[in-house]
Protein chains: 4
Amino acid sequence: MDIIVLKPNATEEDIRRIVKKLESRGLGVNISKGTERTVIGVIGDTSKISEEEEDAIRVMPGIEDVMRILKPYKLASRDFKADDTTVDIEGKVIGGRKIQIIAGPCAVESRTMIINIAEKVKEAGASFLRGGAFKPRTSPYSFQGLGEEGLKYLAEARERTGLPVVTELMDPRDIEVVIKYADIVQIGARNMQNFRLLLEVGSRDKPILLKRGFSATIKEWLMAAEYIMSKGNQKIILCERGVRTFETATRNTLDLSAVPVLKQLTHLPVVVDPSHGVGKWDLVAPMSKAAVAAGADGLLIEVHMNPEEALSDGEQSLKPDYFKKLMSELRPIASAVGRDI
Amino acid sequence: MDIIVLKPNATEEDIRRIVKKLESRGLGVNISKGTERTVIGVIGDTSKISEEEEDAIRVMPGIEDVMRILKPYKLASRDFKADDTTVDIEGKVIGGRKIQIIAGPCAVESRTMIINIAEKVKEAGASFLRGGAFKPRTSPYSFQGLGEEGLKYLAEARERTGLPVVTELMDPRDIEVVIKYADIVQIGARNMQNFRLLLEVGSRDKPILLKRGFSATIKEWLMAAEYIMSKGNQKIILCERGVRTFETATRNTLDLSAVPVLKQLTHLPVVVDPSHGVGKWDLVAPMSKAAVAAGADGLLIEVHMNPEEALSDGEQSLKPDYFKKLMSELRPIASAVGRDI
Amino acid sequence: MDIIVLKPNATEEDIRRIVKKLESRGLGVNISKGTERTVIGVIGDTSKISEEEEDAIRVMPGIEDVMRILKPYKLASRDFKADDTTVDIEGKVIGGRKIQIIAGPCAVESRTMIINIAEKVKEAGASFLRGGAFKPRTSPYSFQGLGEEGLKYLAEARERTGLPVVTELMDPRDIEVVIKYADIVQIGARNMQNFRLLLEVGSRDKPILLKRGFSATIKEWLMAAEYIMSKGNQKIILCERGVRTFETATRNTLDLSAVPVLKQLTHLPVVVDPSHGVGKWDLVAPMSKAAVAAGADGLLIEVHMNPEEALSDGEQSLKPDYFKKLMSELRPIASAVGRDI
Amino acid sequence: MDIIVLKPNATEEDIRRIVKKLESRGLGVNISKGTERTVIGVIGDTSKISEEEEDAIRVMPGIEDVMRILKPYKLASRDFKADDTTVDIEGKVIGGRKIQIIAGPCAVESRTMIINIAEKVKEAGASFLRGGAFKPRTSPYSFQGLGEEGLKYLAEARERTGLPVVTELMDPRDIEVVIKYADIVQIGARNMQNFRLLLEVGSRDKPILLKRGFSATIKEWLMAAEYIMSKGNQKIILCERGVRTFETATRNTLDLSAVPVLKQLTHLPVVVDPSHGVGKWDLVAPMSKAAVAAGADGLLIEVHMNPEEALSDGEQSLKPDYFKKLMSELRPIASAVGRDI
């Protein structure tokens, strides 16, 4: 017994009684109150519970179902929820038939810049705008992002174009300001196992784009999603962005097999970031096509007006015209796998 | 100066004179006599040759062009040959508009078995038959293949279906017998840097399918192709089959970005083996689609009548019906990237 | 010009003038006020500064030296500081002749437990006590540590044994409470690129033990140290703890060559954690010996009274008797490389 | 039942009867006739044999013991042979108390060169001479070794110094000539899974130094040893030489934990090649010390008179004086772990 699913009408008194019962068996609980139903995750060695005891628990008031899940991730598992999860941002659905394209610069560099790119990517058919205001940079001497100022420019770009905004959160202390402006909060690869940050975003009602760590296994990645879900936030979008290998011809090795593997293991939507995956702009188009063919629910693509002058990641950014051309090339592939773009 | 391209009508005397000239400068030579033209690869530190000396060599009788190639691989480089190389096997062209599907079992297990599968994969639309008679197995106690008997069965399957045969060579001492029956000789991942084997197949006039080593960089892979080409055989097909990473959800990590990277660096055709790349049959279909979308010139797919009873690699083999369904799903994707299947 | 080293008697006015000068050239600054001297790191493209301009800056009041450092890390580089850095914690010096042994459990499980282990490891010859109160666990359902309660127990163990305490900080919001009890603050592998956390500990005057990320290159690791140093805190101890590879016989692959590589590149002391590096208690002794022979300045070893009942990492923990035996085996090796333990 | 160990006086008739019995159960056999005893490896699914049948086999004439070994490698396993294997080459024992140092150049470049180095390394205390006559080079245009001429020079160097010779075999067709001159035949990293080459050396009575493949797991490496042993040759020395990771500061990542892991899993001796492991001469000394401390039975160290002019691997070769100094530094470490050098 790992997960207790409550009835929609379960009372606080019901919950108290269940928790007491479990604690008397030396087990802890994790209560996730979702918008639709409340789930009690049981913490500790549940193999100590006999089948008889489990049956006795199953019939307690307020309980709809009691489940044993063999995988270490529970709420994120397909075993727990068979249907695909979809994340709806102002009517734009990630995880549905339509493949969503999230485009924009690596970093917001100025007000004009982000508004210009937003208009360009919208025109080319993108559904979401990406852009970093808080930037995790390898060097403390590199441009670290514009901070809240950058968030305001993103919000203005959204107002002008209607594109919801994806932007990164690096520090739990910035959560209020980022949530104020962002439509989707990105957790970057370097923070995939920043567990305190995960718990913080887990306790808010904002969609989260969770990037895979540089060398995270798929299991660890799902455990990171479980951290967020354990706090009640089920709106998670997984983002493959390449793993670290010995190969030096590309910045990372984009692991597209992660897409079908995740489709088996979890109900969460999966998007792919080919820009970081390969690190070279002229490889982005073929890998975007491959990602769509592999079953991705969306793409994260870096676009910049003048890649050669970008303050970060210029070498992997597309110019708007090239991005537009790519969008038109992706449509027949989406169609070939029964999707729209 | 790294490569001297001879005129079609260059004489043995011309060659002798050029070689003598180079040797007088302390350089060695590697003469590749292709069907169309002869190329002299210059061995040693060519930076010792001054521009004046190079000009003097350039005008020697029999010489068409003298080239400096910065990459460590010369004949395999796009700098050396800008046009795509195509390999023609009895009218079936690898590297052209048509994406070629090479299908069949991991190992030839019996005469009936290989003939049955050959008929099934042909019916489903495959163009080539694969099957191992000499099998590189991790354990000396595992089934090692039927040897020449297996090759004979492959040849019989070819006669019945018209499908040219791809089969592996593991030992230079087996080259005569393998060449006798095979249409394409496969060099497996474990032998990618078995340089003596590469030199041996390089001196024959048979198409070679060169698999990428488990942890070979793209550069090392092209150097292995260069070994073959340095002996005169230019008919090489590169085959991506996954690299080794920390991830355990898949057998290997299929590096599809290798396809567009290779398309930039080399003129040689590139095929993908999703079966070994992922190691699980239910991931083969999405990764086959992704490979086609990424620009692969062909696919190598394991098909078996009863995967659960296969003597090797059963868990990654498709049943014929499933393979047939995959073929029909690949066609619109090929079409979306301007190719046929 | 990347680093401007100020004279000990440089005034605020001197600094203001230098900053203004640099800003007029479009450059930013990072001022690190160490206990001994203040250093101005120059941010931006310093190649824009001509040699003449650099000479003019060099003679400004308050400047001792102006340096160009080719490596991306500046303050952490051997080029910047040729002498070994030593970190002195109440008279126990890390980075000197004596190899310091930091021992204790993975997690503080109770008051009695940590006091018992502290006494045992002290008796065996350890110089520092390790123990986690805030634990980064892969699963949200695993024991997450005792929090501040655990820190108090650590402090009590220190009072009883005199062993300074090393414990992990995971969240910038916990810095006050951790600093209150810890003698050395550990930044764990998963947080090596949690840049906000690095900046936070960089602005305090506490020694930092910075673990290498799972798949961090040595360069990235030094850049993480640079983040801390850029805020003024120079008391950093680097800790190799294994990297992620394809090998499954060990939990990680302990990269001991990192020790001599770091000794060339940086002046910071380097310790090794063989317990996490291999993940199996019976491999800890040979790898501890190897680490000492390779030149490590210290070891981090997990010790537990009953490893089979440990709440985390039991399989890699030594029992006190075994640890004591190991200590006696390490002494002649330390002596063989000119060190003491 | 995986292994049947025969009595020293078992007859051919006994063997025939056992083989017949096994074949009647659908199992194959692999007969290894060692100098001391003959072992029958049982090929196929031995779980089909019931306990009663196994007991019936156990009492057949000529059988000493019948064993089930859970690991995929049998003859190489500690379960099969608990005592350490030692390999004796003209009185110099690898795997005993004395740590053997194998030193010399990467490649034999000339007669004078190899004789000079042999004398120098002998003087410094080396016990064996290494040097390649057949060189596996990444590029077909690089120096490929002197071939048989180089072998002759090695033999002459042995005659002069008394140092037994270790040299590489790349091609099964060269086995006679290599065996004629070599005392230990090296199988290089690239050929670790060249199974035909393994079988070929397995059927000869020569000690084999088997290097670990670039990205071979320890299990695969032991399976490669099993290939050799399955043909009767038990004189195998395993050589760790670094694995491939994402780190670029070193040529490979030397996996010293492989030493104690192997000491648990196998009875075969283990040596370490720090020169290839790190690829930089100034890291060879600390890693040599670490290897000795970790329990290695020997070291393989590249030494060259003029590393900067070496035809291969110059950057990782030690000069003779430096090597001599290293030898003197290794002695106290060997002594600290209860060994001699």
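The table below lists the values:
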| read-out | value |
| --- | --- |
| Helix B:12-24 axis, angle to chain B major axis (alpha carbon atoms, nearest 10°) | 70 |
| Among C:N252, C:N233, C:N116, residue whose mean-square fluctuation peaks in a GNM of chain C (springs only between Cα atoms under 10 Å) | C:N116 |
| Cα long-axis angle, helix C:111-124 against chain C (0 to 90 degrees, to the nearest 10) | 80 |
| Residue of chain D whose Cβ sits closest to the axis mapping D onto B, with distance in whole Å | D:S215, 2 |
| Shielding score for B:193-205, defined as the mean number of other chain Cβ atoms within 10 Å | 4 |
| Candidates A:L70, A:L151, A:L265: whichever shows maximal mean-square fluctuation once chain A is modelled as a Gaussian network with Cα springs under 10 Å | A:L70 |
| Long-range HN-HN contacts of D:K98 with modeled amide H, under 5 Å | D:D340 |
| Inter-probe distance in nm under a simple model that places probes 7 Å from Cα toward Cβ, at C:D65 and C:S24 | 2.7 |
| Neighbour count of at most 11 Cβ within 10 Å plus DSSP loop: longest GluC sites (Glu not before Pro)-free window in chain D | D:91-341 |
| For B:V19, inter-copy label distances in nm, listed shortest first [label point 7 Å out on the Cα-Cβ vector] | 5.0, 7.4, 8.8 |
| ³J(HN,Hα), Karplus 6.51/-1.76/1.60, whole Hz, each residue of region B:246-262, x for Gly, Pro | 6, 6, 10, 6, 10, 5, 9, 10, 5, 9, 5, 5, 4, 5, x, 4, 5 |
| Dipole magnitude of the protein assembly as shown, debye to nearest 20 (Cβ charges: Lys/Arg +1, Asp/Glu -1, about Cα centre) | 0 |
| Between 0 and 90°, nearest 10: helix B:218-229 axis offset from chain B longest Cα axis | 70 |
| Ascending list, in nanometres, of distances separating the A:R58 label from those of the other copies (7 Å, Cα toward Cβ) | 4.5, 8.3, 8.5 |
| Number of partner chain Cβ atoms within 10 Å, mean per residue of B:292-299 | 5 |
| Per-residue [θ]222 nm for the protein assembly as shown (sum of -39500 (n - 2.57) over DSSP H runs n ≥ 4, rounded to 500) | -10500 deg cm²/dmol |
| Cα lying deepest toward the dipole's positive end in region C:142-208, options C:M170, C:F143, C:Q193, charges on Cβ | C:Q193 |
| Peptide B:128-139, shielding by other chains (average Cβ, 10 Å cutoff) | 3 |
| Within chain D: Cβ-based charge dipole about Cα centre, in debye rounded to nearest 20 (Lys, Arg +1; Asp, Glu -1) | 160 |
| Per-copy distances of the B:L70 label point, shortest first, in nm (7 angstrom along Cα→Cβ) | 1.9, 5.4, 5.6 |
| Distant-in-sequence amide H partners of A:L209 (H built 1.01 Å from N, under 5 Å) | A:V185, A:Q186, A:I187, A:I237 |
| Contact order normalised by residue count of chain C, Cα under 8 Å, 6+ apart, percent | 17 |
| Whole-number D in µm²/s for region B:3-67 (Stokes-Einstein; Kirkwood sum over Cα pairs; 10 °C, 1.306 mPa s) | 135 |
| Where N is the number of residues in chain A, Cα Rg divided by 2.2 N^0.38 Å | 1.05 |
| Net charge contributed by nearby residues that have their C-beta within less than 11 Å of B:E315 (K/R +1, D/E -1) | -2 |
| nm² value of the averaged projected area, convex hull over the Cα atoms of the protein assembly as shown | 54.2 |
| Violating pairs (Cα-Cα greater than 21 angstrom) within the set A:K211/A:K235; B:K33/B:K235; C:K319/D:K71; A:K71/B:K280; D:K235/D:K289; A:K122/A:K319 | C:K319/D:K71; D:K235/D:K289 |
| Kirkwood Rh in Å, taken over all unlike Cα pairs in region C:221-263 | 12.1 |
| Relative contact order computed over region C:165-287 (Cα-Cα under 8 Å; 6+ residues apart), in percent | 19 |
| Relative contact order of region B:3-67, defined on C-alpha pairs under 8 angstrom at six or more residues apart (%) | 49 |
| Region B:129-184 - charge dipole about Cα centre, Lys and Arg +1 at Cβ, Asp and Glu -1, debye rounded to 20 | 160 |
| Residue-wise HN-Hα coupling along region D:175-181, computed from phi with Karplus coefficients 6.51, -1.76, 1.60 (Hz; x: Gly, Pro) | 4, 4, 5, 5, 4, 4, 9 |
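Values in this text are rule-based calculations from the coordinates and carry no lab data. None of the values given here were measured: they were computed from a predicted structure. Please note: Cβ atoms are built from the backbone with ideal geometry, for glycine as well, and neighbour counts cover all protein chains shown.
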